[in-house]
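Coordinate-derived values only; no laboratory data. For clarity, every value in this text was computed on a predicted model and none was experimentally measured. When we count neighbours, we look across all protein chains shown, and the Cβ atoms used for this are built from the backbone with ideal geometry, even at glycine.
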Amino acid sequence: MDQIKPCNNYRRHTLYRKLLNNTRTVAIIGSRNCSINSFNFSKKTAQEVSGYGYVIVSGLARGIDSSAHL
């Protein structure tokens, strides 16, 4: 998978490839210091997209990234 950067831990890299292989994914990224409206919009968007069978991926940072996993 070209989307995943190589890492030093081969086992982890192989696990990610197996988990995401043939999986429909959507990345939701944005500001760490977002407004409440942006936070709520990305949360709602993630919920709707995941309802169609997509897996949400992000960096799990503060702000928009975290709203995608609530």
Worksheet entry | Amide proton proximity set for residue 29, modelled H, under 5 Å, gap of 5+ | none
Discussion item. Report the gain in length on full extension from residue 25 to residue 45: 0.36 nm times residue separation, minus Cα-Cα distance, nm rounded to one decimal.
Written reply: 5.8 nm
Worksheet, complete the sentence: Counting sequence-distant residues (5 or more places) and residues on other chains, those with an amide H built under 5 Å from that of residue 34 are 64
Worksheet item: For the pair residue 55 and residue 36, how long in nm is the line joining their label points, each one 7 Å along Cα→Cβ?
Response: 3.4
